[in-house]
Amino acid sequence: MMRVVSVILYLLLAPFAGALLDGFDRIITARMQGRKGPPFFQPFYDLSKLFSKQMIAVNGVQLLLILSYLVFLAVAGSMLFAGADILMCLFLLSTADMFLVMAASSDSSPFATMGASREMLQMMAYEPLTLLLAVGFYLATGSFQVVDIIHMPLSSVLMMPGFLLGFMFITAIKLRKSPFDLSTSHHAHQEMVKGLTTEMAGPILAIMNIAEYYEITLMLGIVALFFLNQNWWSWPLAIVACLFMYFLEILWDNVSARVKWRTLLDSCWVVTLLTGGLNFLILMLIK
Amino acid sequence: MGKLAKSPWMLHYDGSSCNGCDIEVLACTTPVYDVERFGIINTGDPFQADILLITGGINSQSESVVKQIYSQMPNPKVVVAVGICACTGGIFKECYNIKGGVDTVIPVDIYVPGCAARPQAIIDGVVKAVELLQKKREAFASQRKKSGT
């Protein structure tokens, strides 16, 4: 019963939570740059505007692919919030991303195609750590099931601090933050217009944004997984940890410039090896 | 305030300007003027823009580009001509290569004169554009309801 309620709450509230976090992000970013920034509910205004615009789509398949992206992300998040298999959740997350890549490359725009190929590079960069992460949770807690992981006597972060560091590194890619916002960016004026989303107008862009909000919630849910244990006080601790980590991502976004794809790939794999790999070896030895 | 009024995204294109007005347009996004407090985003993508800001007069080379950008913007949309060159052609009006203001190529809704147009005037023009955008949105919505799509 709890699982059903949790999934329904996730499906209903995740877009709102994501949009609120985005509003928070935009204000904090503006303040860091010495500006006032937009209203807190700006993401909601943007969404309702996008839905009221004319639907310009180069082909019909783009809408279908973007909807698939949304559905797969929602399903991946539901698996996490239902307490199901973390491995399956992470697999679904990559499947969802493949739909986004296909949606972007379904039209003839060279900018969107370039964004799609960069998105695939980004997937190459973060995928090793996400897979290692699932195995790390298994080694630390003896189960792939989220429901078992959050009912351990101690938070799993004590066993896998390296994984948390590595995960924070790749979350910058997933949240499309500088220095890893290669495929598309929240900021204007870049070398390839809007990358992935160049040919997405009005309602299609709105669906893409909602999918991103599901993704933000999902990523923060995985961060919370590091901190949750069987004690009640781990829940407020996890929420604080998530918000702190989100703040760190915003800070990183504002103090760094975009890197080249080679640096992205190299740095992500080195960080994966140093944080995830080392933590993995230690867990194997002590278990 | 309606939906569009709170989230007007603008696209900035330089027809053949001397860059004076362009610098003033960019000044609007800096901490001093900060147009993002109105929800305005300076996007680079015509597919996602509501307001087209054009600086400089139109010459035979930029004509096709302006037409294409305009056609790529989804309805409802508003065009703002920033600076006297974009309004009428300005001091370049008599040049052999200049066609004149932006309205010789695409319909212009708001004219912001000045050489260069000051950031305050540009923001004023954009706010006027937002009001017009809202009217166009209502017309667009009723038209869409009538046609049933």
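The values are calculated or read from the model by the stated rules, or taken from the named source; none is laboratory data. Computed from a prediction, not measured in an experiment: that's the story for all the values here. Ideal geometry is used to build each Cβ from the backbone, glycine not excepted, and the neighbour counts take in all protein chains shown.
Candidates A:V75, A:V58: the one that is at pLDDT 90 or above and among the β-branched types (V, I, T) is A:V75. The set of residues in the range A:99-140 that are part of a loop (DSSP other than H, G, I, E, B) and in contact with a helix residue (DSSP H, G or I) (Cβ under 6 Å, 6 or more places away or on another chain) contains only A:S106. Can you find a residue that is under 27 Å from A:F180 (Cβ atoms), buried (at least 22 other Cβ atoms within 10 Å of the Cβ) and within 18 Å of the chain's Cα centre (by Cα) anywhere in the range A:105-115? Looking through the range A:105-115, at least one residue is under 27 Å from A:F180 (Cβ atoms), buried (at least 22 other Cβ atoms within 10 Å of the Cβ) and within 18 Å of the chain's Cα centre (by Cα). In the set B:D103, B:D109, only one residue is surrounded by 15 or more Cβ atoms within 10 Å (Cβ to Cβ) and free of Cβ contacts under 8 Å to residues at least 24 places away in the same chain; that residue is B:D103. Can you pull out every residue in the range A:185-211 that is part of a loop (DSSP other than H, G, I, E, B), surrounded by 20 or more Cβ atoms within 10 Å (Cβ to Cβ), of a type in the set (A, V, I, L, M, F, W, C) and at the interface with chain B (Cβ under 7 Å from one of its Cβ atoms)? Selection gives A:V193, A:M200, A:A201. Scan the range A:141-184 for residues that are in a helix (DSSP H, G or I), over 26 Å from A:D97 (Cβ atoms) and in contact with a Ser or Thr (Cβ under 7 Å, 6 or more places away or on another chain) and the total you get is 2. Inside the range A:233-287, can you point out the residues that are outside any helix (DSSP H, G or I) and not hydroxyl-bearing (S, T, Y)? A:W233, A:A257, A:R258, A:V259, A:K260, A:K287, listed by residue number. Looking for something away from every other protein chain (no Cβ under 14 Å), closer than 20 Å to B:G114 by Cβ and surrounded by fewer than 20 Cβ atoms within 10 Å (Cβ to Cβ) - is there at least one such residue anywhere in the range B:74-89? Yes - at least one qualifying residue is present in the range B:74-89. The residue of the range A:87-103 that is surrounded by the fewest Cβ atoms within 10 Å (Cβ to Cβ), among those that are within 13 Å of the chain's Cα centre (by Cα) and touching a residue at least 24 places away in the same chain (Cβ under 8 Å), is A:S94.
May I ask you to verify whether B:S62 is more than 14 Å from every other protein chain (Cβ to nearest Cβ) and over 11 Å from the mean Cα position of the chain (by Cα)? It is true that B:S62 is more than 14 Å from every other protein chain (Cβ to nearest Cβ) and over 11 Å from the mean Cα position of the chain (by Cα). For the range B:119-129, the condition holds for no residue, the condition being that it is closer than 18 Å to B:V66 by Cα, among the polar types (S, T, N, Q) and either at pLDDT 85 or above or not in a helix (DSSP H, G or I) (or both).
Residues that are assigned to a loop (DSSP other than H, G, I, E, B) and either aliphatic (A, V, I, L, M) or facing another protein chain (nearest Cβ under 8 Å) (or both) within the range B:31-53 comprise B:P31, B:V32, B:D34, B:G39, B:I40, B:G44, B:D45, B:A49, B:D50, listed in sequence order. When A:T217, A:T263, A:T197, A:T275 are checked against the criterion of being among the polar types (S, T, N, Q) and over 20 Å from the mean Cα position of the chain (by Cα), A:T263 stands alone in meeting it. Here are some residues: A:V71, A:V75, A:V7, A:V58. Which one is surrounded by fewer than 18 Cβ atoms within 10 Å (Cβ to Cβ) and either away from every other protein chain (no Cβ under 11 Å) or in a helix (DSSP H, G or I) (or both)? None of the other options fit; the residue is A:V71.
Condition (residue is within 24 Å of B:V130 (Cα to Cα), hydrophobic (A, V, I, L, M, F, W, C) and touching a Ser or Thr at 6+ places or on another chain (Cβ under 7 Å)) applied to the range B:72-83: is it met by at least one residue? Yes; the residues of the range B:72-83 include at least one that is within 24 Å of B:V130 (Cα to Cα), hydrophobic (A, V, I, L, M, F, W, C) and touching a Ser or Thr at 6+ places or on another chain (Cβ under 7 Å).
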